[in-house]
Amino acid sequence: MRCMNGHPSDDLLIERLRARAHDPARRFDEAPVPVAWIERRHGPERVKEALESGYAFSNDGMILFPAGSREAVDHHRDAPRRPPFPPATFAEVAEAERRIGHRLPEPLRRVYTEIADGGFGPDARGFARIAGGSPSLADIHERDRARGLPPSWLELTPAGCTLSWYVSLTEPGNPVLLHDIDNGDPRRGERPEDGVVHVTGSLRSWLWPWADGGDVWDDVRGG
């Protein structure tokens, strides 16, 4: 179902985000599966194939398979479908907004109040928590302000190495910026804008590919 402006309804977006967030085989871009379980279930040759395929191995004996892969789905088949953390309350969101100095975009408010208080999302770490965790969403924003990044930028999630995804809290549509601190670090006298390597036109258009089972890098690759 589509709204009059041509965008899928936010209700549908939240529904699909919730389905992915509550599924441990898909709540991040990679899903950890124990090496020992793979060996028992599929044999040591599958572990070797995973290594040759370039999948990451973690120090706690896990292979990081792509979200939704056969191994991830099989391993988490009987796991409960529930949020990684309970949703944040409106009061907790309001307190975070007070510290940040801006109201969160409506889709992001709904992510926190209707799906989960972080603990899922794009890339390896996903959305920070509002009511718990260290650092919290507001802590991260204060850190970035101390580094000289614009106060209207809010980090959505780290993107690996020196990259992070930020949403603009003031621009129409809340565009999402892929920022490389190595090229736009105010502490070295650089302009933050010089570190922007990609812009996605709106928060909704950044969230939709991930909600549909893809990843937020599709737009970057296409650009």
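Return yes when residue 220 is modelled with pLDDT under 95, under 18 Å from the mean Cα position of the chain (by Cα) and under 27 Å from residue 97 (Cβ atoms) and no when it is not.
Spelling it out, it is not the case that residue 220 is modelled with pLDDT under 95, under 18 Å from the mean Cα position of the chain (by Cα) and under 27 Å from residue 97 (Cβ atoms).
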In region 187-204, which residues are touching a residue at least 12 places away in the same chain (Cβ under 8 Å), assigned to a helix (DSSP H, G or I) and surrounded by fewer than 15 Cβ atoms within 10 Å (Cβ to Cβ)?
187
Here are some residues: 97, 171, 114, 155. Which one is over 30 Å from residue 56 (Cβ atoms) and in contact (Cβ under 8 Å) with a residue 24 or more places away in the chain?
114
If we keep only residues of region 125-174 that are assigned to a helix (DSSP H, G or I) and more than 15 Å from the chain's Cα centre (by Cα), then the residue surrounded by the fewest Cβ atoms within 10 Å (Cβ to Cβ) is 146
Which one is least open to solvent (accessible area, probe 1.4 Å), of the residues in region 37-60 that are of a type outside the set (A, V, I, L, M) and outside any helix (DSSP H, G or I)?
43
In the set 90, 65, which member is aromatic (Phe, Trp, Tyr) and modelled with pLDDT of 95 or more?
90
Residue 87 passes all but one of (1) open to solvent by 50 Å² or more (accessible area, probe 1.4 Å); (2) in contact with a helix residue (DSSP H, G or I) (Cβ under 7 Å, 6 or more places away or on another chain); (3) part of a helix (DSSP H, G or I); which number fails?
(3)
Test of understanding: among 122, 107, which residue is in contact (Cβ under 8 Å) with a residue 12 or more places away in the chain, within 15 Å of residue 166 (Cα to Cα) and not in a loop (DSSP other than H, G, I, E, B)?
107
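Here is a yes/no grid of residues against (1) hydroxyl-bearing (Ser, Thr, Tyr); (2) at pLDDT 90 or above; (3) more than 19 Å from residue 214 (Cα to Cα); (4) surrounded by 14 or more Cβ atoms within 10 Å (Cβ to Cβ):
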site: 26; (1), (2), (3), (4): no, yes, no, yes
site: 35; (1), (2), (3), (4): no, yes, yes, yes
site: 71; (1), (2), (3), (4): no, yes, no, yes
site: 78; (1), (2), (3), (4): no, yes, yes, no
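The values are calculated or read from the model by the stated rules, or taken from the named source; none is laboratory data. What you see is a predicted model; the values in this text were computed from it and never measured. Methodologically, a virtual Cβ is constructed for each residue, glycine included, from the backbone with ideal geometry; neighbour enumeration extends over all protein chains shown. The accessibility values were calculated without ligands, DNA or RNA, using every heavy atom of the protein model including side chains. Shrake-Rupley method; radii C 1.70, N 1.55, O 1.52, S 1.80 Å.
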